[in-house]
Amino acid sequence: MAFPTSRPRRLRATAALRHLVRETSLSPGDLILPLFFHAALDTPRPVSTMPGVFQLPVKAAAQTAKEAARHGLGAVILFGLPRTKDARGSSALDADGPVPRAVAEMKSAAPELVVITDVCVDEYTDHGHCGILRKRRDGSMEVDNDATLEVLAEMALVHARAGADVTAPSDMMDGRVGRMRRALDESGFESTSILSYAVKYASSFYGPFREAADCAPKFGDRAGYQMDPANTREALREARLDEEEGADMLMVKPALPYLDVIRAVRADTTLPLFAYNVSGEYAMLKAAAAAGMIDYGRAVLEVLVSIRRAGADGILTYHAIEAAEALGA
């Protein structure tokens, strides 16, 4: 029926009506807070490119877990900054490293909180790449995919032994989900889940994260193993392969420039799907708000709802605490 009989504005007349017919929901339980634990810190250190984000000492883990639980967040995901780095990322396998210690503290303080750990060696290598390097015939260096798988599998075991609920490989090595699944199962951790960064693009939006995690590559870039931003069909292939290898959940990263990819992957899988609202996306809103260009609180919720609307079941976001407070948690 045409106007004047049909008036869509009727359902926008009041806040209660708008809430009643709202198609996409957003709650604190949909949000996952990324955290950076630094083995050498005694007090929090602010990340200059990410206002409100800090590198944390491990002794802050318990209180941080309680805060996340109090706000009703769905989970936290942990990244580690070690005391020392080498070419192989050996400190990633240290059971007394910042992530295993923080996991144990968080699970003790808030047992019901879901704790996810990032599984990648870029924070632990002195060259900043996501795996073990080898020399090409022309003398240049590249990441050795298959050699890196063994390190990732052992890293996942270290985190599982510490009590991690979920391990999340972010390296984009081929075959890493299957290798991790086998290692976990053979060691009695068949209940430990894998959240695969299945679709991770070689994005310009990771800049602030590389300060937070101290993991900028010392040479070259990561385009040889992360995905080309122009590709969507490749995203579907990556997601299917990880699902076949045993991933329990999938992720698309970044979120905002790839809402179409989130939608495409959502339509192609029945697994839970997450999206990472990455550091550059966070920093843009902070910068725009500082310049008086936007209403920061409204913009945050609009961004997060857009990611949910695209098809993400959950969102990794540095806005998690702020958003939870805005949502009344």
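The charge dipole of the stretch 127-244, taken about its Cα centre with unit charges on the Cβ of Lys, Arg, Asp and Glu (plus for the first two, minus for the last two), comes to roughly 300 debye. In order along the stretch 179-185, phi translates into HN-Hα couplings of 5, 5, 4, 5, 5, 5, 5 Hz, rounded to whole numbers, per the Karplus curve 6.51 cos²θ - 1.76 cosθ + 1.60 with θ = phi - 60° and x for Gly and Pro.
Taking all protein chains as shown and a probe of 1.4 angstrom, Phe3 keeps an accessible surface of around 150 Å².
The calculated pair-distance distribution of the stretch 114-234 uses every alpha carbon pair, bins of 5 angstrom beginning at 0, and gives 2, 11, 20, 22, 19, 15, 7, 2, 0, 0 percent. For the chain, the relative contact order works out to 18 percent when only alpha carbon pairs closer than 8 Å and six or more residues apart are counted. Expressed as a whole percent, the accessible area of the chain that falls on carbon and sulfur atoms is 51 (1.4 Å probe).
Place +1 on the Cβ of every Lys and Arg and -1 on the Cβ of every Asp and Glu in the stretch 203-319, take the dipole about the Cα centre, and give the residue among Leu301, Ala216, Pro254 whose Cα lies farthest towards its positive end. Selected residue: Leu301.
Here the chain is assigned +1 on the Cβ of each Lys and Arg and -1 on the Cβ of each Asp and Glu. Its dipole about the Cα centre then comes out at about 1220 debye. When the P(r) is computed for the stretch 170-329, the part past 29 Å accounts for 23% of the Cα-Cα pairs. Translational diffusion of the chain was estimated from the Stokes-Einstein equation, with Rh taken as the Kirkwood radius over Cα pairs; at 10 °C and 1.306 mPa s the coefficient is 78 µm²/s. Our coupling estimate for the stretch 41-47, obtained by passing each phi through the Karplus curve with A = 6.51, B = -1.76, C = 1.60 and θ = phi - 60°, is 9, 10, 9, x, 10, x, 8 Hz, Gly and Pro reported as x. Each part reduced to its alpha carbon centroid, the stretch 9-52 and the stretch 150-175 end up 27 Å apart. Close amide-amide hydrogen proximity is noted between Leu81 and Phe37, His38, Ala39, each under 5 Å apart and 5 or more residues distant or on a separate chain (H modeled in the peptide plane; Pro and chain starts excluded).
Taking all protein chains together, Leu41, Leu304 sort by accessible area into Leu41, Leu304, largest first [probe 1.4 Å].
Per-residue surface analysis assigns Glu190 an accessible area of about 110 Å², computed on protein heavy atoms at 1.4 Å probe radius.
Residues in the stretch 107-154 average 42 Å² of solvent-accessible surface per residue, probe 1.4 Å, ligands and nucleic acids excluded. For a modelled paramagnetic label at Ala95, 7 Å from Cα along Cα-to-Cβ, the residues of the stretch 101-125 in reach, with backbone nitrogen under 16 Å, are 101-105. Residues Arg136, Arg179, ordered by accessible area of protein heavy atoms at a 1.4 angstrom probe radius and largest first, appear as Arg136, Arg179.
Ser170 contributes about 10 Å² of solvent-accessible surface, heavy atoms of the protein only, 1.4 Å probe. Residues Phe36, Phe209 ordered from highest to lowest accessible area at a 1.4 Å probe: Phe209, Phe36. Between the alpha-carbon centres of the stretch 87-133 and the stretch 177-213 there is a gap of 11 Å.
The values are calculated or read from the model by the stated rules, or taken from the named source; none is laboratory data. Because the structure is a prediction, the values reported are computed rather than measured. Note that we place each Cβ from the backbone using ideal geometry, even for glycine, and neighbour counts take in every protein chain shown. When the accessible area is computed, the model is the full protein with side chains, heavy atoms only, and any ligands, DNA or RNA have been set aside. Shrake-Rupley method; radii C 1.70, N 1.55, O 1.52, S 1.80 Å.
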